[in-house]
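Novice: Here it is: the structure, laid out below.
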Amino acid sequence: MPYYFRFLVSNKRRTAVTLGLLVSLIVLGFMLGNTRGLYLEQQTRLLDNQKVNLQQTIYQLEYRNNILAVELDVERAANRSLLQELRTAQEEINQTRRELAFYQRVLAPELDAEGITIDSVLVRTIPATDSYYFRVILLHTERLQQLVRGRMEVIVRGQQDGQRTELNVLELSGAESSSVEFAMSYFSLQEATWTFPANFNPESFVIRVRSSAGQQTERQFPWGELLSSAEEIDDES
């Protein structure tokens, strides 16, 4: 075969191969583009779903926030009402204290020392021990804004080895002083625990209060009645 014909045949083959490669590249590019388009479409759908979910979440949060705002307004209104009721109750208590102080000074002046009143006394046994516990609450029944000072003694009278004896409870409790100092505008709570010496039989419990101005008040309670009252409180609780 002449050289010219061989050249034409070879050139046709190269052209066919080149065309085949171009067609293959075009098909491959189309397939890749189509795959990329499908991927982007799926991503778009996913983002749309996420957007819808986020919008629903935002709506739910806004709804919950509105409910909480309403509840907060209701709580604030209730608190304002409660504070007003507490102020009213405190005013009534203060008025009652002033009336109590007035009638007490008229009917029982010995129970008041410069507006200091022995309000309540509690004595009880400590389970599984030989010890006792006392709690005394003192009230300032007048001039509530003024600080009042004084001292309080706690005495137990009874019999020991056939003789009348008076014991200082604060000393029995290990306190450094035989009396306790207090300063109050409204009330003062004093408490301690103690143990009686051997062969002592208590008969009465005495609270003695002396104001800084020197006025004194004293209350005496039968020992048996104090313990009975404490047992009734325990039964009710």
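The values are calculated or read from the model by the stated rules, or taken from the named source; none is laboratory data. Just so we're clear, the structure is a prediction, and the values are computed from it rather than from any experiment. FYI the Cβ positions are ideal-geometry reconstructions off the backbone, even for glycines, and counts take in every protein chain you see. SASA here: full protein model, heavy atoms, side chains in, ligands and nucleic acids out. Shrake-Rupley method; radii C 1.70, N 1.55, O 1.52, S 1.80 Å.
Novice: Here are some residues: ASP112, ASP119. Which one is modelled with pLDDT under 85 and closer than 19 Å to SER228 by Cα?
Specialist: Of ASP112, ASP119, the one residue that is modelled with pLDDT under 85 and closer than 19 Å to SER228 by Cα is ASP119.
Novice: Give the residue that is modelled with the highest pLDDT, with candidates limited to residues of region 215-235 that are of a type outside the set (D, E, K, R) and part of a helix (DSSP H, G or I).
Specialist: Among residues in region 215-235 that are of a type outside the set (D, E, K, R) and part of a helix (DSSP H, G or I), the one modelled with the highest pLDDT is TRP223.
Novice: A further question on this structure: Mind telling me which of the residues LEU189, LEU167 ends up being surrounded by fewer than 16 Cβ atoms within 10 Å (Cβ to Cβ), out of contact with any Pro (no Cβ under 6 Å at 6 or more places or on another chain) and free of Cβ contacts under 8 Å to residues at least 60 places away in the same chain?
Specialist: Result: LEU189 is the single residue among LEU189, LEU167 that is surrounded by fewer than 16 Cβ atoms within 10 Å (Cβ to Cβ), out of contact with any Pro (no Cβ under 6 Å at 6 or more places or on another chain) and free of Cβ contacts under 8 Å to residues at least 60 places away in the same chain.
Novice: Are any of the residues in region 147-154 among the β-branched types (Val, Ile, Thr) and either closer than 30 Å to GLU91 by Cβ or at pLDDT below 85 (or both)?
Specialist: Looking through region 147-154, at least one residue is among the β-branched types (Val, Ile, Thr) and either closer than 30 Å to GLU91 by Cβ or at pLDDT below 85 (or both).
Novice: While we're here: Answer with yes or no whether GLN60 is at pLDDT below 80 and of a type in the set (S, T, N, Q).
Specialist: Against the criterion (at pLDDT below 80 and of a type in the set (S, T, N, Q)), GLN60 does not qualify.
Novice: Can I ask one more? Say whether the condition of being open to solvent by 70 Å² or more (accessible area, probe 1.4 Å), outside any strand (DSSP E or B) and out of contact with any Phe, Trp or Tyr (no Cβ under 8 Å at 6 or more places or on another chain) is met by at least one residue in region 133-141.
Specialist: No, that holds for no residue.
Novice: Still on this structure, I have one more. Looking at (1) surrounded by 12 or more Cβ atoms within 10 Å (Cβ to Cβ); (2) among the hydrophobic types (A, V, I, L, M, F, W, C); (3) outside any strand (DSSP E or B), which is the only condition ALA198 fails?
Specialist: Failing condition for ALA198: (1).
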